[in-house]
Amino acid sequence: MSQVNIWIALWAGFASFISPCCLPLYPSYLSYITGISVQRLKEDRSKKEVRIATTVHTLFFILGFSIIFYSLGFGVGLVADWFNDYRDIIRQLSAILIFVMGLFLLGVFQPQWLMRERKMQVKSKPAGFLGSLVVGMGFAAGWSPCVGPILSSILLLAATEPGTWFQLTTAYSVGFAIPFFILAFFIGSTKWIVRYSSVLMKVGGGLMIVMAALLYFDKMILITIWLQERTPDWLKF
């Protein structure tokens, strides 16, 4: 079952990155951490010095937000271990919260306190790669209306299975980091993704509701069965 959850966490990280709260701001973030204007990033991205700057600063930014994600995952893992005797209650409560977050992403209800963005503001960016690390930590240490519900759902999923927090946090971080890193080379080519990001978020919200229902009734195994039935024999081991 944990294998399916890892894939869910991986795609959740990807969905977080392409969300309307994150992807449109991507060029500005990249410009801020590299110290290179957005215009120059678009025009000179093929130049060696620009490519090296964007690559290395992006890696440190990714390391920064991964530190926060792992810290949150570790905390959730401790709670899950402490309350292992109450796994069924934790599973059902987590399912209810994931269901609520799914409704939020679908736009069924959007309370103002969840719509507000709360970020750790880095008023003066330290110089060099350390600065990119700090900005990455500041980026992750907060709440945004798109990323927050998805990350919360993955952490809640980790809470239902003690010992899985590291795998799920890693999968989520990788899912977020891969497109972030790839688009550093294609900064001028994000408009078509932005156009469909809202639709993709609503699809994600619907999937979260389905996952919440399966989790509440302890039927997540049905996902594994469904996938196995549709996997070609030559891909099965």
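The values are calculated or read from the model by the stated rules, or taken from the named source; none is laboratory data. Remember, predicted model here, so these are calculated numbers, not experimental data. Here the Cβ positions follow ideal geometry from the backbone for every residue, glycine too, while neighbour counts run over all protein chains shown. What goes into the accessible areas is simple: the full protein's heavy atoms, side chains included, and nothing from ligands, DNA or RNA. Shrake-Rupley method; radii C 1.70, N 1.55, O 1.52, S 1.80 Å.
What the table shows:
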item	result
The lone exception for residue 109 - which of (1) open to solvent by 20 Å² or more (accessible area, probe 1.4 Å); (2) within 16 Å of residue 15 (Cβ to Cβ); (3) at pLDDT below 85 it fails	(2)
Conditions (1) open to solvent by less than 30 Å² (accessible area, probe 1.4 Å); (2) modelled with pLDDT of 80 or more; number of the one not met by residue 139	(2)
Scope segment 160-187; condition among the hydrophobic types (A, V, I, L, M, F, W, C), crowded, with 21+ Cβ neighbours inside 10 Å and farther than 30 Å from residue 51 by Cα; matching residues	165, 168
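Table: residues versus (1) modelled with pLDDT under 75; (2) under 13 Å from residue 141 (Cα atoms); (3) surrounded by fewer than 18 Cβ atoms within 10 Å (Cβ to Cβ); (4) touching a Cys at 6+ places or on another chain (Cβ under 6 Å).
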{"position": "37", "(1), (2), (3), (4)": "yes, no, yes, no"}
{"position": "54", "(1), (2), (3), (4)": "no, no, no, no"}
{"position": "60", "(1), (2), (3), (4)": "no, no, no, no"}
{"position": "77", "(1), (2), (3), (4)": "no, no, no, no"}
{"position": "81", "(1), (2), (3), (4)": "no, no, yes, no"}
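One line per residue, one yes/no per condition, for (1) among the β-branched types (Val, Ile, Thr); (2) closer than 20 Å to residue 11 by Cβ; (3) at pLDDT 85 or above:
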residue	(1), (2), (3)
69	no, yes, yes
87	no, no, no
93	no, no, yes
105	no, yes, no
131	no, no, no
148	no, yes, no
170	yes, yes, yes
177	no, yes, yes
